[in-house]
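Participant: Could you have a look at this structure, given as structure tokens, before my questions?
The values are calculated or read from the model by the stated rules, or taken from the named source; none is laboratory data. Only a predicted model underlies this, so the values are computations on that prediction, with no experimental measurement involved. Every residue, glycine among them, receives a Cβ derived from its backbone with ideal geometry; neighbour counts consider all protein chains shown. Calculation scope for accessible area: heavy atoms of the full protein, side chains included, ligands and nucleic acids excluded. Shrake-Rupley method; radii C 1.70, N 1.55, O 1.52, S 1.80 Å.
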Amino acid sequence: MSKENVKKGIMICGHGSRDKDAEREFGLVAAGLKKRFPNLPVEYGFLEFSAPNIHMGLNSLMQQGVEEIYAVPGMLFAATHAKNDIPSVLTTYEEKHTKLSVTYGRELGLQDDMVDAFQARIYESLGIDPENPPSDLYDTLLVVVGRGTSDTHANAEAAKLTRIVNENMGFGWADTVYSGVTYPSVGAGLDKLLRLGYKRVVIAPYFLFTGRLIKRIQGYVDKVAQENPSIEFIQTPYLSDHSKVLDAFENRVNEIMDGTLSSQGETLMSSFKRRLAAGEVDVHHHHAEFVDPQDDTAGLSQSDHAHGHSQSHSHAHDRSHAHSHSHSHDHTHGHSHGVYKHIGHPEGPRTMIGEGICCCFMGQFTEEILLEEKDKIEGDCNKTAFAHK
């Protein structure tokens with residue numbers, strides 16, 4: 001139970017990125033949220049790649065005398081990081097600091113505020129006032145780019161968003177493509193959708209911040225646009241610290257503070273603890289251990305080197321991103337991806353080989369797929385991917 005005389009604070013938990021621009025933009029959201037809660041300390045931290053890590057943010061709150069922390073995942077949908085990795089970090093930290101109470105909230109999800117923010121970004125890219133939109137956009141094709149994960153429900157939320165936005169804004173047609181491990185990939189999806197014959201196409205990435213995936217998407221769309229000069233391609237900016245995004249974060253904090261979170265059934269944290277007790281969770285303890293990506297002398301921690309995933313797909317890259325490429329794909333980049341059963345789908349990640357794909361995907365491909373894609377692999381993996389430019 002919360003006590004009135006206990007000092008409270010807010011912790012925003014992000015994934016982290018090798019891209020310094022993404023790191024900076026996450027800080028903008030934290031700064032915006034501080035303005036919404038001027039009487040509460042607000043800190044943020046990342047699972048990996050970036051500083052501060054989540055431990056650092058929690059430490060800062062404790063140093064400010066905070067004993068009750070409201071932690072919210074800075075993530076659009078609840079996939080592995082929001083469901084497993086962040087709860088693991090928070091639980092471990094709370095166990096080490098027995099006087100501390102941490103309540104973990106919900107992902108941003110498809111709140112009305114998030115939908116409004118996404119639609120506003122789309123209208124802005126079209127040069128339309130979001131407050132005075134047209135009745136329809138029947139002459140325009142909308143392509144929503146989702147993150148793409150091994151979590152079916154998170155992928156489904158992106159598709160649901162596309163339908164909501166399509167009906168709200170009245171596009172001629174709309175569909176979803178993904179930049180991650182699921183299908184269809186951006187390239188395969190666009191290839192089919194362009195056959196519909198629309199002369200104006202809006203590419204709208206549903207991402208909070210910039211990063212290597214955003215830059216890869218932009219690079220690929222530029223390539224497709226050059227190949228199709230008769231079509232107008234409009235790239236919508238990502239969400240960033242749009243006022244409606246800040247409203248959505250504020251909502252997630254408020255539902256912890258006013259007690260409505262606990263009345264909504266199983267939470268992300270209670271689900272994590274239930275599945276952990278049942279042995280259903282594979283926890284990656286190394287996630288919150290920061291290694292400065294600018295420090296080429298810093299290697300992986302002993303726990304990273306020793307970490308063995310229960311599945312054979314564990315893989316990683318060193319920061320130099322050099323590949324000798326013997327096709328063993330035992331890379332080391334400090335985190336593991338969930339196993340995706342459709343990794344070999346003909347319109348999934350394998351279609352991005354030769355189009356600037358980050359080789360991080362390769363660890364899940366079977367030897368059969370690698371042999372089938374041998375020519376494209378050898379022509380691609382030693383190049384600089386769009387995602388790493």
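Participant: Could you state the number of Å between the C-alpha centres of the range 26-41 and the range 174-220?
Facilitator: Each part reduced to its Cα centre gives a spacing of 32 Å.
Participant: Evaluated at 25 °C with a viscosity of 0.890 mPa s, what Stokes-Einstein diffusion coefficient in µm²/s does the range 112-191 have when Rh comes from the Kirkwood expression over alpha-carbon pairs?
Facilitator: Answer from the Stokes-Einstein relation: 187 µm²/s.
Participant: Next up: Among 80, 108, 119, whose Cα projects farthest towards the positive end of the dipole of the range 78-152, with charges put on the beta-carbon of Lys, Arg (+1) and Asp, Glu (-1)?
Facilitator: Final value for the positive-end residue is 80.
Participant: Now a separate question. Expressed as a whole percentage, what fraction of the accessible surface of the range 1-130 belongs to carbon and sulfur atoms when a 1.4 Å probe is rolled over the protein heavy atoms?
Facilitator: That fraction is 48 percent.
Participant: Another question, if that's okay. Based on the mean of other Cβ atoms within 10 Å per residue, sort peptides 261-270, 175-184 so the most packed one is first.
Facilitator: Descending mean neighbour count gives 175-184, 261-270.
Participant: For the range 67-99, which GluC sites (Glu not before Pro) pass both filters: DSSP loop (anything but H, G, I, E, B) and at most 12 other C-beta atoms within 10 Å?
Facilitator: Filter output for the range 67-99: empty list.
Participant: Sticking with this one: Would you mind putting 232-239, 247-254, 35-42, 10-17 in packing order, based on average other-beta-carbon counts within 10 Å, highest first?
Facilitator: The packing order, highest mean first, is 10-17, 247-254, 232-239, 35-42.
Participant: Out of the total accessible area of the range 173-249 (probe 1.4 Å, heavy atoms of protein only), what percent is carbon and sulfur?
Facilitator: 50
Participant: Please list the radius of gyration and Dmax for the range 1-116, considering alpha-carbon atoms only, with Å as the unit.
Facilitator: Gyration radius and largest Cα-Cα distance of the range 1-116: 13.8, 40 Å.
Participant: Return one whole number: the accessible area per residue of the range 4-112 in Å², for a 1.4 Å probe.
Facilitator: Spelled out: the 1.4 Å probe surface of the range 4-112, per residue, equals 39 Å².
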